[in-house]
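First the structure, in the form of C-alpha cells, and then the observations on it.
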Amino acid sequence: SAKQFGSGQFSFFHGDSHDTAKRTLILENELRRAIEYKQMRVHYQPKIALRDGSFAGMEALVRWNSDRLGPVSPGEFIPLAETTGLIIPLSEQIIELACADFLKYDFATLSPAKISLNISAFHFKHPALYEGLLSIFERMNCSPSHFELELTEGAVMGEGKAIEDLLARLREAGFGLSIDDFGTGYSSLSYLQRFQVDWLKIDRSFVHGIAGKKENRHIVEAIIKMAHSLQMKVVAEGAETHEEVEILAGLGCDRVQGYVFAKPMPPEEIQGYIEELAIVDKGRKLL
Ligand code: C2E
Ligand code: MG
Ligand code: MG
Ligand code: MG
C-alpha cells in the first residue's frame, strides 16, 4: 500500500484509493470464481402482515462467503457485478437457487405468500430478461406465480411503452411486481398509474427512525395514501423497533419486513420460524 512510502511523502496513489482499486480487482476475480463454482447462497427474510401478525412472504437475498475475502455484502458486490456485466449470470444463478430452495424446502405450502426476487436495473434492461427468466422457471419446474419481482424505480423509469409491455407480460406469466426502495429515486410518479404494480416497498431510510422524525412520518403517510388510492399495497422495509411497527400500523401500512421480526435466515430455518410465529403468536404480540 501507499503507506510504506511514509507519511508526508509524495505517492502516486492516495492510500485509500489504491487499496480500494486493489480490493476491487481481487473482488472481481473472486466474484467470477464464485459464480463459476456456484458458491452463492440465498437467505430469506420474512414479511409480516400488520393486519394479523401472520407470515406474508419473504425476500430472497444473496449471500456470499468468499474463500479469500470472507463474507462480502451484496451492497458491495452487486454494484460491481453490474459494472462488469457479471450481474446477468449471477442473477440467473440466484434465481435458480431460489427455485431449488423452493422445491427442496416445500415453500409451495406457504402459498399464497410469495418469494420476492431482486432484479437489478441492469438485468431488467437486458433484452433477453423475459425469455431468460421464463426459461429458468421452466427448467427448474417452478411456477412464477409463487414469486414476485422487486424492481427499483430506476429500472422501470424511461422508455415508457416498452417497459409497460414488459411488466404486463411478466404479470401475465404470474409474477407479482413490486417497486423496491421506493422514495429514493427521483422519478415522476405518473408511471405508477400506467404500470400495473402490486406493491410499493418503502425504503429503509424513511422507515428506520420514523419514531423520532416527523418528516419521515409525513413522507411514509403520503406514500401509503397515494399507494392505496392507486390500488397498490405497501410494505415497509427495515423496521427495527416495536415503536416503528406501531407507527406503521397506525398509518395503514400493509406489511413490514425488518429486524424487529426477523433477520434474513437460511432456507432450512424458515419453516421453524413460521411455526414459532403461529404457536407463540409472536407476530401479534409484536403489533
Ligand atoms: P434491498 O433489496 O433493499 O434489501 C433489503 C436490505 O435491507 C437487505 O440487505 C436486508 O438484509 C436489509 N434489512 C432488512 N431489514 C433490515 C433492518 O431492520 N435493519 C437493517 N439495518 N437492514 C435491514 P442486504 O441483504 O445486505 O442487501 C442489500 C441490497 O443488495 C439489497 O437491498 C439489494 O439491492 C441487493 N441485493 C441483495 N440480494 C440481491 C439479489 O439476490 N439480487 C440482486 N439483484 N440484488 C440483491
Ligand atoms: Mg429488495
Ligand atoms: Mg429494498
Ligand atoms: Mg433498500
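The values are calculated or read from the model by the stated rules, or taken from the named source; none is laboratory data. The shown structure was predicted, so the numbers you read here are calculated from the model rather than taken from an experiment. Glycine also receives a Cβ, built like all others from the backbone with ideal geometry; neighbour counts cover every protein chain displayed.
In this structure, is LEU251 under 11 Å from LEU50 (Cβ atoms), touching a helix residue (DSSP H, G or I) at 6+ places or on another chain (Cβ under 8 Å) and away from ligand 1 (no atom under 12 Å from the Cβ)?
So LEU251 fits the description; yes.
Go through (1) modelled with pLDDT of 95 or more; (2) surrounded by fewer than 16 Cβ atoms within 10 Å (Cβ to Cβ); (3) within 19 Å of GLN45 (Cα to Cα) one by one and return the number of the condition ALA278 breaks.
In the conditions (1) modelled with pLDDT of 95 or more; (2) surrounded by fewer than 16 Cβ atoms within 10 Å (Cβ to Cβ); (3) within 19 Å of GLN45 (Cα to Cα), ALA278 misses (1) alone.
If you scan the stretch 129-157, which residues turn out to be in a helix (DSSP H, G or I), within 16 Å of ligand 3 (Cβ to nearest atom) and among the acidic types (Asp, Glu)?
Residue satisfying the conditions is GLU153 alone.
Does at least one position in the stretch 56-79 carry a residue that is out of contact with any helix residue (DSSP H, G or I) (no Cβ under 8 Å at 6 or more places or on another chain), modelled with pLDDT of 95 or more and of a type in the set (Asp, Glu)?
yes
Pick out the one residue from PRO74, PRO79 that is within 12 Å of ligand 1 (Cβ to nearest atom) and within 16 Å of ARG41 (Cβ to Cβ).
When all the criteria are applied, what remains is PRO74.
If you check every pair at least six apart or on different chains, which have Cβ atoms under 8 Å apart with a residue in the stretch 159-174 that is closer than 17 Å to SER190 by Cβ first and a residue that is hydrophobic (A, V, I, L, M, F, W, C) and modelled with pLDDT of 95 or more second?
LEU167/LEU177
Confirm whether SER135 is within 16 Å of ligand 4 (Cβ to nearest atom) and modelled with pLDDT of 95 or more.
Criteria not met by SER135.
Out of the residues in the stretch 52-71 that are within 16 Å of PHE107 (Cβ to Cβ) and aliphatic (A, V, I, L, M), which is farthest from ligand 4 (Cβ to nearest atom)?
Top of the filtered list is ALA56.
Could you list all residues from the stretch 183-218 that are more than 15 Å from ligand 4 (Cβ to nearest atom), in contact (Cβ under 8 Å) with a residue 24 or more places away in the chain, farther than 15 Å from GLY250 by Cβ and assigned to a helix (DSSP H, G or I)?
Answer for the stretch 183-218, where residues must be more than 15 Å from ligand 4 (Cβ to nearest atom), in contact (Cβ under 8 Å) with a residue 24 or more places away in the chain, farther than 15 Å from GLY250 by Cβ and assigned to a helix (DSSP H, G or I): TYR191, LEU192, GLN193, ARG194.
Would you point out the residue of the stretch 246-267, among those that are within 17 Å of SER205 (Cβ to Cβ) and aliphatic (A, V, I, L, M), that is surrounded by the fewest Cβ atoms within 10 Å (Cβ to Cβ)?
Top of the filtered list is VAL260.
Restricting to the stretch 233-245, and then to whatever is on the phi < 0 side of the Ramachandran plot and within 16 Å of ligand 2 (Cβ to nearest atom), can you tell me which residue is surrounded by the fewest Cβ atoms within 10 Å (Cβ to Cβ)?
That would be LYS233.
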